[in-house]
Amino acid sequence: MTSSAIPAAAAPRWSLRLWAILVVVCGAIFLDALDVSMVGVALPSIRASLGLTTSSLQWVVSGYVLGYGGLLLLGGRAADLLGRRRVFLAALAVFAVASLCGGLVSSPALLIAARFVKGAAAAFTAPAGLSIITTTFAEGPERNRAVSIYSAFGASGFSLGLVLSGFLTQLSWRWTLLLPAPVAVLVLAAAVRLIPREAAAGRRRRRFDVPGAVTVTAAMLLLVSAVVDAPQAGWASARTLGSFAGAAVLLAAFGVIERRSRDPLLPFGIFRSGSLTRANVGALVLFGSYVSFQFLVTQYLQIASEWSALGTALAFLPAGVLVAFASPRMGPLLDRFGPARMVLLALGCLVAGYAWFLRIGPQPDYPAVILPAVLLIGAAFGLGFSALNVQATAGVPNEEQGLASGILQTSFQLGGAIVLAVVTAVVDAHGGNRLMAPGALLAAYRPALVVITGVAALGVAIAASGLRDLGFGFGFGFGARRAGTGAGAGGDPADLDPAGDAGQAEFEPAGRPRR
């Protein structure tokens, strides 16, 4: 998975133990991607088995991503305060148990609860694992290479999950939920042996902001619930308006808690950097739009077009293969062009893929419509995932790496919950909450697909706003720019904190902070 294009001076040979640590930590993102891809393919079978509507079914996905996104900031802070290794191991154990429970329950409510707990466990493994990587590998080409490999593991998990879910769902959808349990146990056993213990002196003595974590998670749950239930209850009903008002009050309370807390869960000052903010918007758009796209397309193919679970899985597989191929080769591209340019290119591919899929008809045309769209979406993830991780964590002190990675992963997951809730509401508003003839179901899904495309286009506009000081961006004169001009990372010098906080600075491709 290494890239031969990385100069030896920039990427010194890693020891076998260092490789082992990286592979074990990458197991966390592998598990997350494995779970997302397998459950996505199994959704139509879960719907039929448990008798769920579209709005109820989305909670199988939203339960996971809300547990994940709602507690990621707390997970990042826990990694910084309690130790990355300790948090990583404990959360992996909970993930394994929740996977087992999710595959055994028969009640929709218990299934959603198990998914929430599983997402909550991932909320601690993800920032702990990424911060182990970013504190183990020096910033610049070495870290870029490590993050690219991290991304490749995610792509491999996604691809393998597609293939396995296609076969396992033919037996029972329960196997798709049970499989991550033994994988998590294997990763846990390896992590206990290989990840070194940290010195206690290296961790800051700070307190947990539990009220902040509870408040923001409750706010997101109420917000998603309000959006999903609004088409049935009525957008102007007392229930809907009350839910929106309650979410607004909780979010306002979260803001007050954070401003008064001595050790806030989310220091708002970190968003003074426009480049960091754009990285999080990019994460929200990339994952939120894709989760919604997969949610609709798997049902369209299996319910309306009567494709098998295996056929649906194989339809998505080229995207995962493309990401697995591209991700480990991203290091040299990030070194040369900087993360902001790569994010813009990735989101451009995303818009193109969704727009191309809008040509779909009642009879799916795989070679002419579905395959090109899937390949463009795969290119978006291959180009964008590593770039977003590098962009969000560059320059952040080691003791804040868990927080920075937690904020980014929060944007990924909450994007999935919020965009999926909106898309589900659009489908319900057009009658797609019940099983329909293929043409009618596609007519109900098409406005939601337009919404997904619009979300991706908004992401492109925001990403492009950070390149206004770079002229043509991907072209000309890039190599002539020197570190310190603000060109390398693709950010805007005006985005930097006036106080000169290096943790907020976008980095040059050579790994040097802008001055």
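Simple spin-label estimate for F268 and A93 gives 3.9 nm between the two label positions (7 Å along the Cα-to-Cβ direction from each Cα). For segment 333-348, 3J(HN,Hα) computed residue by residue from phi via the Karplus equation (6.51, -1.76, 1.60; θ = phi - 60°) reads 5, 5, 4, 7, 9, x, x, 5, 5, 5, 5, 4, 4, 4, 5, x Hz, glycine and proline entered as x. Residues of segment 352-382 falling in the label zone of V450, defined by backbone nitrogen less than 15 Å from a point 7 Å along Cα to beta-carbon, are 355-360. Distance from the Cα centroid of segment 298-347 to that of segment 209-232 is 30 Å (rounded to whole angstrom). In this structure the amide hydrogen of D263, modeled in the peptide plane, comes within under 5 Å of no amide hydrogen from residues 5 or more places off or on another chain.
In terms of surrounding Cβ atoms within a 10 Å radius of their Cβ, I407, I195, I462 rank from fewest to most as I462, I195, I407.
Among L322, L130, L371, which comes first, second and so on when ranked by fewest other beta-carbon atoms within 10 Å? Numbers along the way, then the final one.
Details: L322 21, L130 30, L371 15.
Lowest to highest Cβ neighbour count: L371, L322, L130.
Taking the fewest neighbouring Cβ atoms within 10 Å as the starting point, the ordered list for Y300, Y354, Y366 is Y366, Y300, Y354.
Each reported figure results from applying straightforward, stated rules to the coordinates on display, with no laboratory input. It should be emphasised that the depicted structure is a prediction, and the values quoted were computed from it without experimental measurement. Heads up, the Cβs are rebuilt from the backbone with ideal geometry, glycines too, and the neighbour counts pull from every protein chain shown.
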